[in-house]
Every structure is written in C-alpha cells, then in structure tokens.
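The structure under discussion appears below in the form of structure tokens.
The values are calculated or read from the model by the stated rules, or taken from the named source; none is laboratory data. Note that the structure is a prediction, hence the values are computed from the model and not measured. Glycine gets a Cβ as well: all are built from the backbone with ideal geometry, and neighbour counts include every protein chain shown.
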Amino acid sequence: MTRSLNDLRPVYVVGIGWHRYQNPSETPYVALGLTAIRAALADARIEWPAVESTYVAAALLGMASGRPMLRHLGATGAPLMHVENASASGSTAFRHACIEVASGISDVALAIGVDKRNPVRRAETGIGHLAEDAIVPFTHFALLTNEYAVRHNATAEDIALVAVKNHRNGAKNPNAQRQQERTLDEVLGGKRVSGSLTSLQCTPIGEGAAAVIVASEDGIRRLGIDAGRAIRTTASVGRSERVYAPGAGFDAALTKETADLALAQAKVTPGDIDIIELHDAFTVEELHYIESIGLCPEGHGVRMLKDGALDIGGQCAINPSGGLIAMGHPIGPTGIGQIGEIVMQLRGEAGARQHRGARTGLAHMVGVGAVCYVHILQK
Amino acid sequence: MQPSKLLKPELYSAGSGDGDGATARLKGGRCRCGYVFFPMQTYGCERCGSHGDPLTPYELSTNGTLLAEATVHLHADKNRPAPFTIVKVALDDGPVIRTLLADDSARVAPGQRVTGRLVPTTQSESGETVLDHRFSAAS
Ligand SMILES: [Zn+2]
C-alpha cells in the first residue's frame with residue numbers, strides 16, 4: 001500500500017526568500033543563490049546549521065553547482081543533491097524536500113533554485129525528425145494558440161489579456177523581472193515572435209534564485225519557529241506524459257490528470273482554490289491550465305479573464321506574482337518562487353498584491369519532456 | 001532532369017514514379033498493439049513498451065488535415081532563417097506531425113486539407129538538388 005504526501009506527517013513551509021529575477025548579468029550564480037537562502041533563513045528565523053538536507057534545482061548551470069555555493073554558509077556536512085527537471089526543476093526539488101521531511105528522515109530541509117541564462121543543451125536520442133529544430137517552445141505554443149483561437153472563437157486580443165493581467169501583477173512585485181504595467185495595445189504592438197504571440201506574451205528567460213525551507217512539527221517546536229506563519233503542504237503530485245489521443249494538447253491533458261490527483265489528495269475542489277501560480281510561459285497556457293485544473297469548462301477561460309475573475313481580488317487570483325510572463329522564468333528557481341508567492345499570500349504578507357482571505361493555493365509547473373508537478377498549500 | 005537526393009532519406013521517400021515536387025511518403029512504424037508512430041524506431045513502443053519484432057515499418061500517406069499553423073518571425077538558429085511557417089497536421093493514417101509549410105504553398109488554416117511533397121531546398125556539393133519534405137495546401 002503506497003501513501004501520498006498528505007498521508008505522511010505534516011510538512012510546513014517556514015521560510016521563503018528570493019534573489020530578484022532579472023535580465024542576464026555578470027552576477028555569479030553563487031551570489032544569487034546565497035541571497036535567496038539567507039533571505040529564507042532570516043524569514044524562518046533559523047540558522048543554517050538547522051538545515052538537515054538541501055535540494056538544489058538548476059537546469060543550466062552544469063554539473064555539481066551546489067557545493068561551491070552552499071560552502072559559503074558554513075560547511076555543515078549535511079547532504080545535498082541536484083535536481084534537473086527542465087522548467088519543473090524547482091517544483092521537483094520542493095516535492096522531494098517535502099517528502100524527506102514528511103517521511104521523518106529530516107525535520108528541516110531546503111529547496112533552492114538558482115540559474116543563469118546559459119545555452120540549453122539536450123542529448124541526441126538517435127531518432128530523426130523532420131524539422132523539430134525549427135519548433136522552439138514559443139512556436140509550440142504559437143501552434144496551440146492558433147488551435148485554441150479557432151476552436152473557441154477567441155481573438156488574439158482575448159488571449160493577450162492574460163499578459164495585461166500578469167504584467168499588472170508583476171508591476172507590484174519587487175522580485176519580478178518585469179515590473180511595468182502594459183496596455184493591451186502595448187502587448188499586441190510589441191515585437192512579433194511566432195504566430196500571434198508577441199514578446200510581451202512570452203516569458204523573458206533570465207536569472208535569479210528562490211529558496212524555500214520546509215519543516216516538520218517537531219522541527220518547528222525544537223527551533224522555536226513561529227507556527228502562525230507556517231503554511232502546510234497538503235498535496236504533492238508529479239506526473240509525466242502518457243500517450244493521449246492524436247492531436248490532444250499534451251500539456252493540458254497532463255496538467256488535468258496531475259491537478260485532479262492533487263485536488264483529491266488535499267480533499268479540495270477547484271472552487272476551494274483562492275490563488276494559483278501556474279506555468280504561463282506563453283499567454284495561451286494560462287487559459288489551457290485554468291480549464292484543465294477545473295476552474296471553468298474548456299473554452300470559458302477568456303470569459304473569466306474578461307470578467308476579472310482571475311484578478312487579485314477576483315474569484316481566484318491567477319499568477320498574483322506576475323507569473324512566468326512578468327515575474328520571469330529563470331528555470332531552476334521558478335517552481336520554488338511559486339511556492340514562496342503562495343506562502344506569502346496565505347500568510348497575508350503579500351502587501352499590494354494581497355488576495356484577501358486567501359486560504360488555499362495551488363502551484364503548477366510543466367517542463368519539456370513532458371513532466372508536470374502540482375502542489376497545494378493551505379493555511 | 002537534374003539529379004536529386006533526399007535530405008533525410010531515413011524519414012521519407014518519393015511516391016512511386018514521381019520526380020521533383022512529388023508526393024512524399026513518410027517512413028512510420030506500427031506496433032503489434034496497433035499503435036502507429038512516426039518516425040520508425042526500434043527502441044520500443046510508447047504505448048505498450050514492446051520492442052523488437054512487434055515493431056515494423058509502416059509507410060504513411062502524407063495526406064492529412066491541418067490542426068494549426070504559426071508563422072515564425074524570430075528564430076535564433078541561423079540555419080532556419082525566419083520567417084517560415086510551421087504546420088501541425090493530423091495524418092489520415094493516424095499520427096500528428098509538425099513540420100514546415102512549403103514556401104510556395106497557398107495560405108492554410110485549421111481544418112484545411114494538406115499534403116506532403118518533396119521540394120527542392122539547396123544544392124549539394126556535388127551539384128545535386130536536395131529535396132526535403134514540406135506540406136502544402138492540397139490542390
Ligand atoms: Zn505497442
């Protein structure tokens with residue numbers, strides 16, 4: 001008989017921290033990562049030696065980036081491991097930090113995501129392809145945008161409204177790479193990228209770091225951590241792509257099955273969710289995923305968007321951080337930063353971005369391959 | 001007629017009796033479980049995991065229905081200068097594939113019928129015309 005995370009002993013997020021996501025710079029990844037870790041330790045009001053295990057999420061830094069960074073916190077000898085799972089690297093690191101604490105192997109674990117914008121290198125499979133080298137992620141999603149628009153009679157303007165909302169949220173987030181409100185005209189008038197996608201509808205891959213510290217109730221008590229600011233992880237699910245009906249959007253199908261398992265694990269329904277941080281690397285994805293998660297029937301996402309139901313203060317705030325489009329997507333940190341945003345919101349500490357009364361949040365990432373991770377956090 | 005060669009002969013062939021601009025056939029595979037895939041490979045079936053003898057070559061017609069198109073305006077790889085158009089096509093024989101639209105194709109939209117052809121792209125060092133697979137609006 002296997003068990004899910006929520007059947008094991010409770011695990012709580014007790015510390016969160018970032019190095020702001022930003023355009024590529026000369027700052028070494030070590031400085032980015034240490035800033036986020038020290039911020040998370042300060043937020044939890046604990047010292048580094050309390051951390052019993054570390055998961056380092058990085059997709060573009062090459063081999064063994066963790067120790068050269070962590071040693072500057074004081075080498076405690078605690079175990080560390082590296083997680084590479086494409087865009088979902090950070091979410092995966094968080095899941096395994098939670099599992100380690102929930103299992104009782106550790107009382108306190110750290111998930112740190114850090115990355116620089118280095119070239120993506122993928123191994124050859126030995127199987128040929130017609131023109132996959134011509135289909136980068138923004139073109140994959142430009143094709144899905146065209147399909148969504150035709151199937152659901154949505155215009156390019158409708159879909160671009162996702163970016164207007166997320167830039168508005170990002171403008172209030174000091175950790176966001178893009179902190180500027182944008183009008184619909186600005187979004188549509190920007191540089192054309194692929195299909196109807198313009199540059200302000202695409203994530204700006206940059207650099208940065210995000211850190212989250214998780215702890216058991218024993219750890220919280222032993223270290224005198226403020227239990228009132230601890231936020232419990234009530235579901236953790238990871239999945240990978242299966243064979244779907246020909247032509248089915250695999251990102252959305254995979255999201256649906258992963259989210260369904262997470263909702264069942266936390267024993268909540270889509271209507272219970274107050275905030276969602278999801279993988280909006282490209283505008284159309286937000287519509288796909290809110291429909292896959294079950295906020296509304298397929299094809300109704302634009303209506304929710306136009307009604308303001310997805311705004312901060314609306315029915316369910318989607319990407320209050322600004323999402324991948326505005327907060328940014330430095331790869332390794334992204335999934336961990338989502339958890340930090342949800343924790344900040346559930347604590348009521350999100351300031352100008354606060355979604356009032358938030359009690360339940362869901363974090364979603366997909367990664368090429370494809371993999372999907374969903375976490376639910378509850379106050 | 002100029003001598004020609006295929007850019008990726010492991011993926012497609014010319015329909016019998018055709019020359020330049022000919023209808024293409026795709027070199028797909030079929031598993032004993034019924035799953036049809038492209039391109040042919042022997043590593044194993046994505047649906048059932050069978051490998052070896054259960055996987056056999058299965059030639060696919062390039063006739064299909066367009067699911068989506070996107071004209072790419074920016075592309076970092078200099079070997080693929082933008083603009084170009086990518087199409088997602090549901091082949092009548094089952095698999096959904098994505099590749100380039102021929103430069104000389106009429107404009108296409110979802111729901112439209114398309115067909116694959118072998119079109120001249122570059123010259124090889126030995127002077128042969130190099131043919132590659134592209135989709136076009138079905139005539
Ligand atoms: Zn099979």
Legend entry - Enumeration of residues in the range B:61-79 that are touching a Lys or Arg at 6+ places or on another chain (Cβ under 7 Å) and among the aliphatic types (A, V, I, L, M): B:Leu67, B:Ala68
Legend entry - Within the range B:20-57, considering residues that are aliphatic (A, V, I, L, M) and either at positive phi or within 14 Å of another protein chain (Cβ to nearest Cβ) (or both), the one farthest from the ligand (Cβ to nearest atom): B:Ala24
Inset, instruction - Return only the number of the condition from (1) within 12 Å of the chain's Cα centre (by Cα); (2) surrounded by 17 or more Cβ atoms within 10 Å (Cβ to Cβ); (3) away from the ligand (no atom under 16 Å from the Cβ) that B:Leu67 does not satisfy. - result: (1)
Legend entry - Residue in the range B:113-137 that is modelled with the highest pLDDT, counting only those that are surrounded by fewer than 16 Cβ atoms within 10 Å (Cβ to Cβ) and either under 18 Å from B:Ala70 (Cα atoms) or within 13 Å of another protein chain (Cβ to nearest Cβ) (or both): B:Arg113
Inset, instruction - Output the residue which, of all residues in the range A:319-363 that are of a type in the set (Val, Ile, Thr) and more than 12 Å from the chain's Cα centre (by Cα), is farthest from A:Ile275 (Cα to Cα). - result: A:Val343
Inset, instruction - Of the conditions (1) modelled with pLDDT of 95 or more; (2) more than 13 Å from the ligand (Cβ to nearest atom), B:Pro3 clears all except one; give me its number. - result: (1)
Legend entry - Subset tally (residues that are of a type outside the set (Lys, Arg) and more than 24 Å from the chain's Cα centre (by Cα)) for the range A:53-78: 8
Inset, instruction - Please state which one of A:Ala358, A:Ala350 is without any contact (Cβ under 8 Å) to a residue 40 or more places away in the chain, of a type in the set (A, V, I, L, M, F, W, C) and not assigned by TED's automatic domain parsing to the domain that holds A:Asn85. - result: A:Ala350
Legend entry - Among (1) more than 16 Å from the ligand (Cβ to nearest atom); (2) within 9 Å of chain A (Cβ to nearest Cβ); (3) in a loop (DSSP other than H, G, I, E, B), the one test that B:Val108 misses: (2)
Inset, instruction - Taking the options A:Ile220, A:Ile225, name whichever one is part of a loop (DSSP other than H, G, I, E, B) and assigned by TED's automatic domain parsing to the domain that holds A:Ala97. - result: A:Ile225
Legend entry - Restricting the range A:114-169 to residues that are surrounded by fewer than 20 Cβ atoms within 10 Å (Cβ to Cβ) and among the hydroxyl-bearing types (Ser, Thr, Tyr), the residue that is nearest to the other protein chains (Cβ to nearest Cβ): A:Thr125
Legend entry - One residue from B:Gly116, B:Gly94 being under 18 Å from the mean Cα position of the chain (by Cα), within 17 Å of B:Arg25 (Cα to Cα) and not in a strand (DSSP E or B): B:Gly94
Inset, instruction - Please tell me if A:Ala154 is more than 22 Å from A:Thr258 (Cβ to Cβ), assigned to a loop (DSSP other than H, G, I, E, B) and in the same structural domain as A:Ile220 (by TED's automatic domain parsing). - result: no
Legend entry - Long-range neighbours under 7 Å by Cβ, at least six apart or interchain, first residue at negative phi within the range A:140-159, second of a type in the set (Phe, Trp, Tyr) and surrounded by 24 or more Cβ atoms within 10 Å (Cβ to Cβ): A:Phe141/A:Phe282; A:Ala154/A:Tyr148
Inset, instruction - Have a look at A:Thr92, A:Thr76, A:Thr35 and point out the one that is in a helix (DSSP H, G or I), hydroxyl-bearing (Ser, Thr, Tyr) and surrounded by fewer than 20 Cβ atoms within 10 Å (Cβ to Cβ). - result: A:Thr35
